[in-house]
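Participant: Dropping a structure here in structure tokens format, bear with me for questions.
The values are calculated or read from the model by the stated rules, or taken from the named source; none is laboratory data. Everything numeric in this text was worked out from a predicted model, so none of it was measured. Heads up, the Cβs are rebuilt from the backbone with ideal geometry, glycines too, and the neighbour counts pull from every protein chain shown. Just the protein is used for accessible areas: all its heavy atoms, side chains included, with ligands, DNA and RNA removed. Shrake-Rupley method; radii C 1.70, N 1.55, O 1.52, S 1.80 Å.
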Amino acid sequence: MLPEPYRLHHRADFSRTVRRGQRIGRRDLVVHAFTHEYDQGSGTSAAPGSELTQVPPAEPEVRIGGPRFGLIVSKAVGNAVIRHRVARRLRHLCAQVRPELPADIDIVIRALPGSAAAGTDDLLRQLRAALRRLGLTERAGGPS
């Protein structure tokens with residue numbers, strides 16, 4: 001089970017990760033990753049024709065926990081029973097790879113139709129390979 005602080009819930013978080021993050025495709029999964037930038041600038045601004053003015057710094061995003069995961073399992077994967085089975089397996093895999101990832105990242109995993117027939121070990125290999133290709137982990141993947 002993936003604990004609450006490690007889950008994406010809001011549509012805005014999913015959209016930001018899918019639209020602005022990096023993407024890598026595998027045979028049965030597409031992995032989107034968005035790394036949060038905490039440097040909000042120096043807090044100063046210069047308008048044309050005026051002196052340097054102090055701008056209040058933007059509120060940094062408060063993050064509790066570590067990396068957050070979101071899942072997209074569409075009807076193309078199968079009926080409701082199959083989709084829920086795939087989602088449970090993916091949540092379990094996310095819990096396994098969570099310690100290997102930096103805390104300031106959001107990851108969305110889109111299950112492709114082949115994920116319904118793929119084995120759990122195969123999905124774990126694909127997920128770890130995608131995370132390595134995105135430069136998020138250097139581990140070759142430990143025991144499954």
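Participant: What is the residue count in segment 108-118 for residues that are open to solvent by 40 Å² or more (accessible area, probe 1.4 Å) and either part of a helix (DSSP H, G or I) or over 17 Å from R23 (Cα atoms) (or both)?
Facilitator: 2
Participant: Given (1) within 16 Å of V73 (Cα to Cα); (2) not in a loop (DSSP other than H, G, I, E, B), where does P5 come up short, assuming only one miss?
Facilitator: With respect to (1) within 16 Å of V73 (Cα to Cα); (2) not in a loop (DSSP other than H, G, I, E, B), P5 is out only on (1).
Participant: Now, a different point. Just checking, which of I105, I64, I72 is open to solvent by 50 Å² or more (accessible area, probe 1.4 Å) and either at pLDDT below 95 or in contact with a strand residue (DSSP E or B) (Cβ under 7 Å, 6 or more places away or on another chain) (or both)?
Facilitator: Only one candidate qualifies: I64.
Participant: When residues of segment 75-98 are filtered for being assigned to a loop (DSSP other than H, G, I, E, B), surrounded by fewer than 16 Cβ atoms within 10 Å (Cβ to Cβ) and in contact (Cβ under 8 Å) with a residue 12 or more places away in the chain, how many remain?
Facilitator: 0
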